[in-house]
1. Quick one: order Tyr258, Tyr69, Tyr156, Tyr8 by neighbouring beta-carbon count within 10 Å, fewest to most.
2. Where does helix 101-117 land angle-wise versus the long Cα axis of the chain, in degrees 0 to 90, nearest 10?
3. In deg cm²/dmol and to the nearest 500, what is the mean residue ellipticity at 222 nm of the chain if only DSSP H runs of at least 4 residues count, each as -39500 (n - 2.57), divided by the residue total?
4. Please list the non-local residues whose amide H lies under 5 Å from the amide H of Gln154, H modeled 1.01 Å from N, same-chain partners needing a gap of 5 or more.
5. Arranged by the count of other C-beta atoms within 10 angstrom, fewest first, what order do Cys55, Cys68, Cys166 take?
6. Under a crude label model (7 Å from the Cα following the beta-carbon direction), how far is Gln179 from Asn49 in nanometres?
7. What Kirkwood radius, in Å to one decimal, follows from the Cα pairs of region 262-327?
8. Hey, got the dipole for the chain? About the Cα centre, +1 on K and R Cβ, -1 on D and E Cβ, debye to the nearest 20?
Amino acid sequence: MPVTVRSYAKINLGLAIGALRSDRFHSLETIYQTLAVHDLVRVEAARGNGIDIRCKNPHVPCDESNTCYRVADRMLRHWKQRAKLTITIEKNLPVQGGLGAGSSNAIATMFALERELKEPLPADDRLRIAAEVGSDLPLFLLGGTVLGLGRGEQVYPLADLPPIACVLVTPSVAVSTPQAFSDWDAFIESENKAWNLTPPDGSVTLSKFNRSAFEWLSYLNVSGVPVENDGDRAETPLLDLVRAGIENDFERVVFPQYPELRDVKRVLEREGADYASLSGSGSTMYGLFRTRERAVQAAERMSAEGLAATVTETLPRNEYRAQMFVK
């Protein structure tokens, strides 16, 4: 029988871009947060050989470049097994929206294939394969609130946020992540020339993020006490997030190129979001609200204005794993 897995989205609660490394990746620091909104990934194994990717969304590649294909291929090679795999992706999440959908699909494939073949991978092999395929993949091995370092692939579980209502808006613009990084490098170079500074080592933006993130995380409840279903619980983390001044560096170069994204952020704030930001390099914007009622009302008003808004909520780590497999 095929195995079906919910493939959850993520947002970035702040993102700091450091220097370009020798491997041509930038040093990054970010806080990932998984969301309840998801795709579905179904994996079926039969006798034979080959990997067949199926998806009705024309923007999803169905060849060897697909992250699901690449993960499955590495897993079969690790096990020294042959199988005819059919991987079907039901898309609800935007492609190239900054929500980590492709990376999440790949990790969903990993978990599904382990169960389908009854061959669990050791944790270190899971992490190795995930990091080989892409920088965002390892966070989906954990779920919940996660600190990302290195190029984003070094992940550490943090104290989970309580479930917080979230409104997602993905305008019909395509933001290229490589181009966004290139624009960031040009922006930093121009800033240094303007102030007659030496070439950047990335320490300034990373240090600022470190201070802001540490300040915010120190506010959170780390006692391990389970979060109650109390809407007021969302208020303190949200206010503290704003007070700490955590930002996404990509906004400084993406917004000038795509001013409609800045406009969406302003609308989210106008509609009552306590915290609004670009996720990753975009193009999805999100707003966090104190209650689901406020989020639903904001989404309805935005949709009436022509902005397709989706209401979801942050997904804590225990719920992420408990709800992953579709029975």
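Just so you know, all these numbers are worked out from the coordinates, no wet-lab data involved. Nothing here was measured: the structure is a model prediction, and the numbers come from that model. Because the Cβ atoms are built from the backbone with ideal geometry, glycine has one as well, and the counts that use them run over all protein chains shown.
1. Working: Tyr258 18, Tyr69 21, Tyr156 10, Tyr8 26.
By the 10 Å Cβ count, ascending: Tyr156, Tyr258, Tyr69, Tyr8.
2. Relative to the chain, helix 101-117 is tipped by roughly 30 degrees.
3. Details: 11 runs with 128 residues, N = 327.
Rounded to the nearest 500, it is -12000 deg cm²/dmol.
4. Long-range HN contacts for Gln154: Leu149.
5. Values: Cys55 20, Cys68 30, Cys166 26.
Placing the least packed residue first, the sequence is Cys55, Cys166, Cys68.
6. 4.1
7. Details: mean 1/r = 0.0768 Å⁻¹.
After inverting the pairwise mean of 1/r, the radius is 13.0 Å.
8. Numbers: 37 positive and 42 negative charges, 200 e Å.
Charge dipole of the chain: 960 debye, to the nearest 20.
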